[in-house]
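Below: one structure, written as structure tokens.
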Amino acid sequence: MSVQVMDGTLGWRAQAPFEVIVVSAAAPAIPKALVEQLTDGGRLVIPIGELRRQELVR
């Protein structure tokens with residue numbers, strides 16, 4: 001397991017691809033860079049929405 005503190009919408013290309021990416025901060029939309037860094041069949045778990053309302057999307 002590795003932890004990075006940075007702009008999470010950019011992902012971590014140096015270590016890609018990933019089987020699972022878990023994001024704890026909400027984004028207004030699913031970041032394309034994260035999807036591109038998943039393995040085939042990989043999973044992305046991220047809260048999507050605005051300041052006061054988000055949905056947890058898998």
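The values are calculated or read from the model by the stated rules, or taken from the named source; none is laboratory data. A quick note: this is a predicted structure, and the numbers were derived from the prediction, not measured. When we count neighbours, we look across all protein chains shown, and the Cβ atoms used for this are built from the backbone with ideal geometry, even at glycine.
Miscellaneous remarks
- In the range 36-58, the qualifying residues are those that are in a loop (DSSP other than H, G, I, E, B) and exposed (fewer than 15 other Cβ atoms within 10 Å of the Cβ), and the one that is modelled with the lowest pLDDT is ARG58.
- Residue satisfying condition, being among the small types (Gly, Ala, Ser), in contact with a helix residue (DSSP H, G or I) (Cβ under 9 Å, 6 or more places away or on another chain) and outside any loop (DSSP other than H, G, I, E, B), within set ALA33, ALA14: ALA33
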